[in-house]
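Engineer: Could you have a look at this structure, given as structure tokens, before my questions?
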Amino acid sequence: MSAPIRDHPAPAPQAAPPVSPGAATALLDAYRPGTDRLLATPHRTLLASGTAAEVPDDDRPVALRVRALLAARRRTGDPAPLVLGALPFDPAAPPALAVPERVRTGPALREDPLVALPAPAPGPPGDWHVREVPSAGDYRAAVAAAVARMRAGGPDALRKVVLARTLELTAPHAPDLAGMVRRLAGRDPSGYTFAVPSGAGRTLVGASPELLVARHGGRLTANPLAGSAPRSADLAEDVTRAAALLNSPKDLHEHAVVVEAVRAALEPFCTRLTVPSAPTLVRTAAMWHLSTTVTGELAAPSASALELAAALHPTPAVCGTPTATAREVIAAGEPFDRGPYTGMVGWQDADGDGEWVVTIRCAEAEGDRLRLFAGAGVVADSCPDAETAETGAKFRTFLDAVGAAL
């Protein structure tokens, strides 16, 4: 039998509750699309139900809107209000953030042995019709054009851009979002699994490997990822690919650009910021990534988790550098609106603590349609064929979860 699951109101947890088999997976199995918001991190699992209040869409910075709403909820008698949800890639677009009516909290999925049990199998691949937007050929051409622009140089020269593509999946039935979430969590239980409303009739579902920033008291942690290689089912080949990534000049350069941007964004908030001199490797079921864990001590008064996230967003890991130039290239080269893709998803409490995750390895569901997203970081040494293959490998996370083939 599962351990009891604590209900709000209660302080947002600063450490994982005692582990009991089933305590985290019970929350995963209880998720219901439409009204629930689920976020599972390496530290806790949150399942929120209902909407007590929504973060308004106005001209104030979103971090100030969240701070004001949580303070108002606390004044009206909620001892531990929490905001949970998603923000889009475009900071000017409306957020999808809310104070839930109820929040249940459990330990991390990776600490629950029951997460390893088989999830319900997806339907047959023939149920899905898959359309590439843009086509693989058009995507290669966009990457080649970006590479040529970088090599040409000039004033405000583009140094990196992240170009994305989508797969539009349709089926004669609505997708099984609850089963999808269960499969995503079982595939990468140490990552960040989420399922949250992203707009009217839309649900954002995903399993991101990348923490944008977390704040707990006076400490912050950020974990930028940049530079990737597909995993292999063959152990020797998998190790070879990991070693090659760790020694790839192109990927190390791409990673260094991102880490330097994170350092520059966070230093003004800190009395101390520790940035390792070289990256390490992290892995998901589908990919190897170069990773750097940045830690810091915040100056007083401390910035909230969302203030820190807003200062970082968008990092070169999801946009490029210079940011304004990269945004122009993205707008010209991507024939779709990113919406929540490469935005952020997470939570924050009234004390300013929280976790915000980069919204990658995700899909947005609406009716009988799923829109999957994947991108690759393009630098002057990039190969269009290799970047196209990288996006295909990143799609694998979701295609396996829904039982579709590319």
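The values are calculated or read from the model by the stated rules, or taken from the named source; none is laboratory data. If you're wondering where the values come from, they're calculated on a predicted model, not measured in any experiment. Backbone-built Cβ (ideal geometry, glycine too); neighbour counts: all protein chains shown. When the accessible area is computed, the model is the full protein with side chains, heavy atoms only, and any ligands, DNA or RNA have been set aside. Shrake-Rupley method; radii C 1.70, N 1.55, O 1.52, S 1.80 Å.
Engineer: With a ≥ b ≥ c the root eigenvalues of the C-alpha gyration tensor of the range 202-314, is it rounded (a/c under 1.5), prolate (a/b larger than b/c) or oblate?
Structural biologist: Working: a/c = 2.63, a/b = 1.73, b/c = 1.52.
Prolate is the answer for the range 202-314, as a/c is 1.5 or above and a/b outweighs b/c.
Engineer: Skipping prolines and chain starts, which residues have an amide H placed within reach, meaning under 5 Å, of the one on residue 97, given they are 5 or more residues away or on another chain?
Structural biologist: 55, 86
Engineer: Separate question: Return the whole-Å distance between the Cα centroid of the range 139-214 and the Cα centroid of the range 232-257.
Structural biologist: Value for the Cα centre distance between the two parts: 21 Å.
Engineer: List the relative contact order of the range 230-302 as a percent without decimals, with contacts defined as Cα pairs under 8 Å and 6+ residues apart. Spell out each step's value before the answer.
Structural biologist: Numbers: 76 pairs, mean separation 24.2, N = 73.
Relative CO of the range 230-302 lands at 33 percent.
Engineer: Normalised by the number of residues in the chain, what is the relative contact order in percent for Cα pairs under 8 Å and 6+ residues apart? Walk me through the intermediate numbers first.
Structural biologist: On the way: 911 pairs, mean separation 94.9, N = 406.
So the answer I get is 23 percent.
Engineer: Here is a follow-up. Order the following by accessible area, largest value first: 138, 368. Probe radius 1.4 Å; ligands, DNA and RNA are ignored. Mind showing how you got there, number by number?
Structural biologist: Details: 138 100, 368 75 Å².
Descending order: 138, 368.
Engineer: Under the Kirkwood approximation for Rh and a Cα-based Rg, what ratio Rg/Rh is obtained for the range 120-178?
Structural biologist: On the way: Rg = 18.1 Å, Rh = 14.6 Å.
Here Rg/Rh amounts to 1.24.
Engineer: Can you give the helix-only mean residue ellipticity at 222 nm for the chain, where every DSSP H stretch with n ≥ 4 adds -39500 (n - 2.57) and the sum goes over all residues, rounded to the nearest 500 deg cm²/dmol? It would help to have the intermediate numbers written out before the result.
Structural biologist: Numbers: 9 runs with 118 residues, N = 406.
Taken over the chain, the calculation gives -9000 deg cm²/dmol.
Engineer: With a 1.4 Å probe and all protein chains kept in place, how do 234, 127 rank by accessible area, largest first? Display every interim value, and only then the final one.
Structural biologist: On the way: 234 85, 127 55 Å².
From most accessible down to least: 234, 127.
Engineer: So for the range 365-406, taking the charge dipole from beta-carbon charges (+1 Lys/Arg, -1 Asp/Glu), which of 398, 388, 378 sits furthest toward the positive end?
Structural biologist: Working it through, the farthest residue towards the positive pole turns out to be 398.
Engineer: Ignoring ligands and nucleic acids, what accessible area does residue 31 show with a 1.4 Å probe (Å², nearest 10)?
Structural biologist: The accessible area of residue 31 comes to roughly 0 Å².
Engineer: Here is a follow-up. Under the rule of at least 5 residues apart or a separate chain, name every residue whose amide H is placed under 5 Å from the amide H of residue 374.
Structural biologist: Close amide H contacts, sequence-distant or interchain: 165.
Engineer: Counting Lys and Arg as +1 and Asp and Glu as -1, each charge on the Cβ, what is the dipole of the chain about the Cα centre in debye, to the nearest 20? Walk me through the intermediate numbers first.
Structural biologist: Values: 39 positive and 44 negative charges, 88 e Å.
Here the chain has a charge dipole of around 420 debye.
Engineer: Would you work out which of 141, 290, 164 lies farthest towards the positive end of the dipole of the chain? Charges go on Cβ: Lys and Arg +1, Asp and Glu -1.
Structural biologist: Comparing the listed Cα positions along the dipole, 290 ranks first.
Engineer: Tell me, in nm to one decimal, what length is gained between residue 299 and residue 136 on full extension, where the rule is 0.36 nm per residue of separation less the Cα-Cα distance?
Structural biologist: Numbers: separation 163, 0.36 × 163 = 58.68 nm, distance 4.69 nm.
Extra length available between residue 299 and residue 136 comes to 54.0 nm.
Engineer: Okay, moving on. Would you look at the GNM of the chain, springs on alpha carbons closer than 10 Å, and say which of 283, 110, 131 moves the most?
Structural biologist: Top of the fluctuation ranking is 131.
Engineer: Further question on the same structure: Per 10 Å bin, what is the whole-percent P(r) computed from every C-alpha pair distance within the range 296-375?
Structural biologist: Whole-percent P(r) values from 0 Å outward: 15, 39, 30, 14, 2.
Engineer: Extending each Cα 7 Å along its Cβ direction at residue 30 and residue 239, get the distance between those two points in nm, one decimal.
Structural biologist: So the two model labels end up 4.4 nm from each other.
Engineer: What accessible area per residue, rounded to a whole number of Å², is obtained for the chain using a probe radius of 1.4 Å?
Structural biologist: On the way: 16000 Å² over 406 residues.
That works out to 39 Å² per residue.
Engineer: Then there is this: Over the chain, consider all pairs of different Cα atoms and compute the Kirkwood hydrodynamic radius from their mean reciprocal separation; express it in Å, one decimal. It would help to have the intermediate numbers written out before the result.
Structural biologist: On the way: mean 1/r = 0.0466 Å⁻¹.
That comes to 21.4 Å for the chain.
Engineer: Right, here's the next one. Calculate I(q)/I(0) for the range 252-298 by the Debye formula, one identical point scatterer on each C-alpha and no solvent, and give its log10 at q = 0.33 Å⁻¹ to two decimals.
Structural biologist: Those come out to -1.20, one per q.
Engineer: Hey, got the Cα dimensions of the range 254-406 along the principal axes, in Å, largest first?
Structural biologist: Taking max minus min along each principal axis of the Cα atoms, the range 254-406 gives 51, 39, 32 Å.
Engineer: Let me know the charge dipole size of the range 74-185 about its Cα centre in debye, to the nearest 20, where only the beta-carbon of Lys, Arg (+1) and Asp, Glu (-1) is charged.
Structural biologist: On the way: 14 positive and 11 negative charges, 85 e Å.
It comes to approximately 400 debye.
Engineer: Can I ask one more? Quick check: Cα centre of the range 358-377 to Cα centre of the range 19-80, how many Å?
Structural biologist: 22 Å
Engineer: Residues with amide H under 5 Å of residue 287's amide H, sequence separation 5 or more or different chain, H placed in the peptide plane at 1.01 Å from N; which?
Structural biologist: Under 5 Å from the amide H of residue 287: 231.
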